[in-house]
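Q: Supplied in structure tokens, the structure appears directly below.
The values are calculated or read from the model by the stated rules, or taken from the named source; none is laboratory data. None of these values were measured; they are calculated from a predicted model. Cβ atoms come from the backbone with ideal geometry, glycine included; neighbour counts cover every protein chain shown. Calculation scope for accessible area: heavy atoms of the full protein, side chains included, ligands and nucleic acids excluded. Shrake-Rupley method; radii C 1.70, N 1.55, O 1.52, S 1.80 Å.
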Amino acid sequence: MTEPTPGTVPSDLPSDLPAATHVLSPDELDLLELALAGGPWVPPAGLPAGPVTLTDAENTPLAVAGVPGDAAPRAVRPFARAAGPHWDPAVRRTAREVRDGAPAGRAAVALVVAEPPTRSEVDALPGLVGDAGSVLLLVPAARRSPAAGQVGAPGLVRIAQDLADRFEDGPRRASVVVVPWPADAPDGLRWTDVGARYGATRTELLVAHRSPGDRGAVEKLGTVWSGAVAALYPEVPAAEVARAAGTARPRGAVVFFTGLSGSGKSTVARALAAELDDEGLHTTLLDGDEVRHHLSKGLGFDKASRELNVERIGYVASLVSSHGGVAVAAPIAPFASGRARVRELAEAAGTFLLVHVSTPLEVCEARDRKGLYAKARRGEIPEFTGISSPYEAPTDADLVVDTSRVSVEDAVARVRAALDAAGGDRSGPLR
């Protein structure tokens, strides 16, 4: 079977998608993207037998799996890409692209950069590489945020790029390759198999070569501060200093995106949340469709139900902010009264930023991956915002962005700048 390029639609797909569907979790999305990039395919647990349409949490079809004769899924629509170094097309390449770009006739070794390497691991690189002609620095990238205190995919990419620079003056060529990798890797998914798909004759995990001394030192890093406090203060004052430090909270924030379906608000919101999370800010993403599925299940789409859904999002976001976190919400929120209620809740808890994603209706319709606008115009979906239900464009937005005119990266940068300005000086959420 040929390997599809991520984002392409194979010409031999059936015209009608299978009726059976499976909504993919973030980890399963990583598995699917890995398979579509030419990596091994590990079917999610509980996947129905026979042909099935694989969708994301917004019910957008992404691939078809289980077609007789196909060992791996076939792409239906492109994956949505976000911002950050781990989404750069230069490093997020398919297995075929990596193999085709490798020096002919020269063996390649893959080094998996799953954790920041210590000095001893960096010093050991020449020995690990041996006589290989080229080096692939494979960086695992999961959609789920890393555990608190762990370096995520953006940081690992920056580390891998620094390692690649160390090979510039030598006889070998080194390149960084981001590999979709679920936070909870299932049984049967092995780095040796992945490395082989990307053209490596040998695959090594850098962390597996960490010395016992370094391993112990890394494990103790989390206690360095508490150890210093214990050495400086007597027992009772030390306990009080530690307790006070544990209760200190930064000022929280709510970034509330509003806009039509297909405006790009969810894409920008995800990219912003990932960037903030990578910088150590505790960030919670409240996406409109996912919130409806979990928090507002059973609500309709009449005005009262929509207002209640938006208020629930605002309430949860304000709770996140009140505890020093950053909440990023991206519902349609079509009515001014509902957005005003969210502002009231959020400003009582911390900084609030209302971002109007003002992408024109015709652009949103042209982007429509689910065919919802077409159904709404045929009268098949009642109360559809922008068609059969009004969208009240905000007059009090703190920032307006049009994703038909600016890139995701530029939109995120503008939101960051506005959030910094809204937070003031040292009391701000990003200071």
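Q: Tally the DSSP beta bridges in the chain and give the antiparallel ones as a percent, rounded to 5.
A: Values: 6 of 45 bridges.
The antiparallel proportion sits near 15 percent.
Q: Same structure, new question: Long-range amide H contacts for Leu399: which residues qualify at under 5 Å (H placed 1.01 Å from N, peptide plane, sequence gap of 5 or more or a different chain)?
A: Residues meeting the amide H criterion: Leu354, His356.
Q: Could I ask something else about it? In square angstrom, what is the accessible area per residue of the chain with a 1.4 angstrom probe?
A: Details: 20740 Å² over 431 residues.
For the chain, the per-residue accessible area is 48 Å².
Q: Check which residues have an amide H placed less than 5 Å from Leu286's amide H, if you skip close sequence neighbours.
A: Val328, Ala329, Ala330
Q: May I ask you to derive the relative contact order of the chain, considering only C-alpha pairs under 8 Å and at least 6 residues apart, and to give it as an integer percent? The partial results should precede the final answer.
A: Working: 749 pairs, mean separation 61.5, N = 431.
After rounding, I find 14 percent.
Q: Distances over 17 Å make up what percent of all Cα-Cα pairs in the range 367-414? List each step's numbers first, then the result.
A: Values: 633 of 1128 pairs.
Cα-Cα pairs in the range 367-414 separated by more than 17 Å: 56 percent.
Q: Taking all protein chains as present, what is the carbon and sulfur share of the accessible area of the chain, in % to the nearest whole number, probe 1.4 Å? Present the calculation step by step, with values, prior to reporting the outcome.
A: Working: 10980 of 20740 Å².
Answer for the chain is 53 percent, counting heavy atoms of protein chains only.
Q: Then there is this: I need the shape label for the range 143-274. Rule: rounded when a/c is under 1.5, else prolate if a/b > b/c, else oblate, with a, b, c from the alpha carbon gyration tensor.
A: On the way: a/c = 2.35, a/b = 1.23, b/c = 1.92.
Verdict is oblate for the range 143-274.
Q: Hey, another quick one. Rounded to the nearest Å, what's the spacing between the alpha carbon centres of the range 377-404 and the range 72-102? Just the number, please.
A: Using only Cα atoms, the two centres lie 32 Å from each other.
Q: Next question. Ranking request for peptides 169-175, 331-337: highest mean number of other beta-carbon atoms within 10 Å first, then the rest in descending order.
A: Working: 169-175: 14.3, 331-337: 20.9.
Ranking, from highest mean packing down: 331-337, 169-175.
Q: Another one. Which residues does a label at Lys370 reach in the range 220-262, if reach means a backbone N under 18 Å from a point 7 Å past the Cα toward the Cβ?
A: Backbone N within reach: 257-262.
Q: Output the relative contact order of the range 55-214, whole-number percent, from Cα pairs under 8 angstrom with separation of 6+ residues.
A: Numbers: 224 pairs, mean separation 45.1, N = 160.
With pairs under 8 Å counted, the relative contact order is 28 percent.
Q: Which one of Ala160, Ala19, Ala72 has the biggest mean-square fluctuation once the chain is modelled by GNM with Cα springs under 10 Å?
A: Looking only at Ala160, Ala19, Ala72, the biggest GNM fluctuation is shown by Ala19.
Q: Turning to a different aspect of this structure: Suppose only helical runs count, i.e. DSSP H with n ≥ 4. What mean residue ellipticity at 222 nm does that imply for the chain under -39500 (n - 2.57) per run, divided by all residues and rounded to the nearest 500 deg cm²/dmol? List each step's numbers first, then the result.
A: Details: 16 runs with 159 residues, N = 431.
Counting only the DSSP helices, I get -11000 deg cm²/dmol.
Q: Moving on. If amide H atoms are built 1.01 Å from N in the plane of the peptide, which residues on other chains or at least 5 residues away come under 5 Å of the amide H of Thr385?
A: none
Q: Which order, highest average first, do 396-408, 222-234 follow once you tally other Cβ atoms within 10 Å for each residue and take the mean per peptide? Before the final figure, lay out the partial values.
A: Details: 396-408: 16.9, 222-234: 11.1.
Per-residue Cβ counts within 10 Å, averaged per peptide and sorted highest first, yield 396-408, 222-234.
Q: Give the value in nm², to one decimal: projected area of the alpha carbon convex hull of the range 286-431, averaged over all directions.
A: For the range 286-431, averaging the hull's shadow over all directions gives 9.1 nm².
Q: Send over the semi-axes of the chain's equivalent ellipsoid, whole angstrom and largest first, taken as the square roots of 5 times the C-alpha gyration tensor eigenvalues.
A: In descending order the semi-axes read 38, 33, 18 Å.
Q: Give the shape of the range 347-431 as rounded, prolate or oblate, defined through the alpha-carbon gyration tensor: a ≥ b ≥ c are the square roots of its eigenvalues, a/c under 1.5 means rounded, and otherwise the shape is prolate if a/b is larger than b/c and oblate if not. Walk me through the numbers before you get to the answer.
A: Details: a/c = 3.41, a/b = 2.12, b/c = 1.61.
Verdict is prolate for the range 347-431.
Q: When ranked by the protection proxy of mean other Cβ atoms within 10 Å per residue, highest first, what sequence do the peptides 290-300, 349-359 form? Mind dumping the intermediate values first?
A: Details: 290-300: 13.8, 349-359: 23.4.
Result, highest mean first: 349-359, 290-300.
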